[in-house]
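Scroll down for the structure; my scribbles are underneath it.
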Ligand SMILES: Cc1cc2nc3c(=O)[nH]c(=O)nc-3n(C[C@H](O)[C@H](O)[C@H](O)COP(=O)(O)O)c2cc1C
């Protein structure tokens, strides 16, 4: 497995399905736990402790107290403990400490090809399932069990949740700063599995390509010549998002029919385009030379230049 940290972060999703019978080696479990312990902690108080569970009988005992059951088929589990002590004066950072440890472990789990889910709400609710798990594991009373992470190979596909768009939650140089938005219709990359309508949607440097998918062909792989891109399948559409690099971007896909479709190339130009004086309704895009009548260049997304008085 050769993934960068960013790939691993972008590929991680909560998995709540069944696990295969494949065991998690003690080596892998330890690597994951070491990643957790390597996380930062407030004033380096290291308030997080971990118990790896790979003994089938103990796992069965734990599962028996989780109601409604989760992670029933997981071949291993990591239980996260915290000691509620202050970092300095009355400042307590234990939640931040164990959250950083958990995220580190979720990423290590992903990197090693396993799946997991951060189960905290389910076990720390009023019925205090966490305390019953702590008793099974002989956890002393000055430690609190706050989370369980199942670890194993996924048996089924992962459900990718819909997340808000970048510009709804993140901005540059101020809160909710408006950046130029533009849309581009670009030629179909054609072929099996997708309708011809493609839209490139760009907000500043952030580019989103939306494909209207015909769901009979669900096993496709997208190829985009940028370092990091995210593919989100929301049912009838596939969104590809990435940061626009300083080179043209080719988007293509391979379907389960093992056909490679011709890439679509597009480039991101924010330069205003001149007006074609011979035709009041059309304009020539300065970036790519295409003649347009719409608000944005259908080839490359350049906005139509403002006319006098606009
Ligand atoms: C503090 C915290 C508690 C969570 N508790 C639960 C839980 O009890 N049960 C569960 O199924 N998922 C739980 N999750 C997972 C979230 O539901 C999940 O991260 C979220 O839906 C986003 O999905 P993603 O992890 O695939 O990005 C928890 C996540 C966090 C950060």
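The values are calculated or read from the model by the stated rules, or taken from the named source; none is laboratory data. Predicted model, so just to flag it, every value in this text is computed and none were measured. A quick note on method: Cβ atoms are made from the backbone with ideal geometry, for glycine too, and the neighbour counts reach across all protein chains shown.
Brief remarks follow.
- Only one of the listed residues (77, 105) is crowded, with 18+ Cβ neighbours inside 10 Å and part of a helix (DSSP H, G or I). That residue is 105.
- Condition met for residue 96 (away from the ligand (no atom under 14 Å from the Cβ) and modelled with pLDDT of 95 or more): no
- Evaluated against (1) within 14 Å of the ligand (Cβ to nearest atom); (2) over 23 Å from the mean Cα position of the chain (by Cα), residue 90 falls short on exactly one condition, (1).
- Screening residue 89 with (1) in contact with a helix residue (DSSP H, G or I) (Cβ under 6 Å, 6 or more places away or on another chain); (2) farther than 27 Å from residue 132 by Cα gives one miss only, at (1).
Conditions tested, residue by residue: (1) surrounded by 18 or more Cβ atoms within 10 Å (Cβ to Cβ); (2) on the phi > 0 side of the Ramachandran plot.
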residue	(1), (2)
96	no, no
99	yes, no
113	no, yes
116	yes, no
126	no, no
130	yes, no
135	no, no
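- If you go through the stretch 93-145 and keep only what is under 26 Å from residue 43 (Cα atoms) and over 31 Å from the mean Cα position of the chain (by Cα), you end up with 139, 140, 141, 142, 143.
- Condition met for residue 240 (more than 24 Å from residue 103 (Cα to Cα), surrounded by 15 or more Cβ atoms within 10 Å (Cβ to Cβ) and at pLDDT 70 or above): yes
- For first residues located in the stretch 147-163 and over 27 Å from residue 94 (Cα atoms), partners that are part of a loop (DSSP other than H, G, I, E, B) and near the ligand (Cβ under 9 Å from one of its atoms) and lie 6+ apart or on another chain with Cβ distances below 6 Å form the pairs 154/15; 158/13; 158/15; 160/13.
- Of the residues in the stretch 54-62, at least one is more than 25 Å from the chain's Cα centre (by Cα), assigned to a helix (DSSP H, G or I), assigned by TED's automatic domain parsing to the domain that holds residue 81 and within 15 Å of the ligand (Cβ to nearest atom).
- Scanning the stretch 50-65 for residues that are in contact (Cβ under 8 Å) with a residue 60 or more places away in the chain and surrounded by 18 or more Cβ atoms within 10 Å (Cβ to Cβ) yields 51, 53, 62.
- Note on the stretch 133-171: residues that are over 20 Å from residue 32 (Cβ atoms), in a strand (DSSP E or B) and within 10 Å of the ligand (Cβ to nearest atom) total 0.
- Filtered residues of the stretch 113-123 (kept if within 13 Å of the ligand (Cβ to nearest atom), over 14 Å from residue 62 (Cα atoms) and either assigned to a loop (DSSP other than H, G, I, E, B) or not assigned by TED's automatic domain parsing to the domain that holds residue 94 (or both)): 116, 117, 118, 120, 121
- If you go through the stretch 3-46 and pick out every residue that is within 16 Å of the ligand (Cβ to nearest atom) and surrounded by 12 or more Cβ atoms within 10 Å (Cβ to Cβ), you end up with 15.
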